[in-house]
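See structure below.
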Amino acid sequence: MSETTGQRPSGRGRFITFEGGEGTGKSTQIKKLADRLGAARLRTLVTREPGGSPGAEIMRHLVLSGMGKLLGPDAETLLFAAARDDHVRTVIEPALKQGVWVLCDRFADSTRAYQGSLGSVPAGLINAMQRVTIGDLKPDLTIILDLPVEIGLARAAARRGSGTPDRFEGEKLAFHQGLCEAYRKIAADEPARCVLIDANSDPDTVAGRVWIALRDRLLPTPASVVSA
């Protein structure tokens, strides 16, 4: 995780999550947004899931190595929950209390999409884990990057090079198509929190769309901030 320094805003920070399938450009867009918020003199913290804290990074290794898949979807959900609990308690909540804007690569919506919609883990179990791990914490804004599956997988393969696909990159095409639909449904079900962004453009164009969504929903109106 990384922090951009600047003038700390008064009060609690904002929590912004990025979601989407493989290769949709979440990491790239988070970095661009962090740079732009820093230019607007807002302190930001960039983090990720699974991971983002020492304990959660251990869980990340277990999940992406395929261990969670071997144990089954319910156990994999519990691994994600354990990682999220540590991440929220030790990183996200303390930063928000200090007025920092937290930008997170994946959060609870990933569990709903991957383990819920595609892993058939009961909603009751996912909701119970969410109550335990994050309580009332919800993102102020969730950016869902939408991209044709074939393009996303090609990007992921190019990024990976000769490396071995991780737990999720190695799934079949039908899995990734289902994932895309699951995210679209999340966006449709929670329009007050979620914005579906067309990611099938160059990174700067996509970054412009992300900025407009954030500006319109979360930033105050003074021209010095809005036009940053």
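Each reported figure results from applying straightforward, stated rules to the coordinates on display, with no laboratory input. Just so you know, these numbers come straight off a predicted model, no measurement behind them. Every residue, glycine as well, gets a Cβ built from its backbone with ideal geometry; the counts of neighbours run over all protein chains shown.
Summary of values
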item	result
Sequence-distant residues sharing a close amide H with Arg48 (under 5 Å, placed H)	Asp105
Length-normalised contact order for the chain - Cα pairs under 8 Å, 6+ apart - percent	29 percent
Bridge type composition, the chain - antiparallel percent by DSSP, nearest 5	15 percent
For Trp101, distant residues with modelled amide H under 5 Å away	Arg14, Arg43, Thr44, Leu45
Which of Phe168, Phe80 has the fewest Cβ neighbours within 10 Å, and the rest in rising order	Phe168, Phe80
Cross-link partners of Lys31 among lysines (Cα-Cα below 24 Å; sequence separation of 8 or more within a chain)	Lys97, Lys138
Ranking of Met59, Met67, Met129 by count of other Cβ atoms within 10 Å, fewest first	Met67, Met129, Met59
Computed [θ] at 222 nm, deg cm²/dmol, the chain (DSSP H ≥ 4; -39,500 (n - 2.57); rounded to nearest 500)	-14500 deg cm²/dmol
Aspartates and glutamates with Cα under 14 Å of Lys69, excluding same-chain neighbours fewer than 8 positions away	Asp166, Glu169, Glu171
Whole-Hz ³J(HN,Hα) from phi, Karplus 6.51 cos²θ - 1.76 cosθ + 1.60, for the range 189-194, glycine and proline x	6, 10, x, 5, 9, 9
Pairs of Cα atoms farther than 34 Å apart, the chain, %	11 percent
By average C-beta atoms within 10 angstrom, highest first, the peptides 144-155, 95-106	95-106, 144-155
Karplus (6.51, -1.76, 1.60) ³J(HN,Hα), θ = phi - 60°, over the range 20-36, in Hz, Gly and Pro reported as x	x, x, 5, x, 7, x, 4, 4, 4, 5, 5, 4, 5, 5, 4, 4, 6
Taking Glu169, Glu190 and counting other C-beta atoms within 10 Å, the order from fewest to most	Glu190, Glu169
Karplus 3J(HN,Hα) series, Hz, for the range 46-51 with 6.51 cos²θ - 1.76 cosθ + 1.60 (x for Gly, Pro)	9, 9, 8, 9, x, x
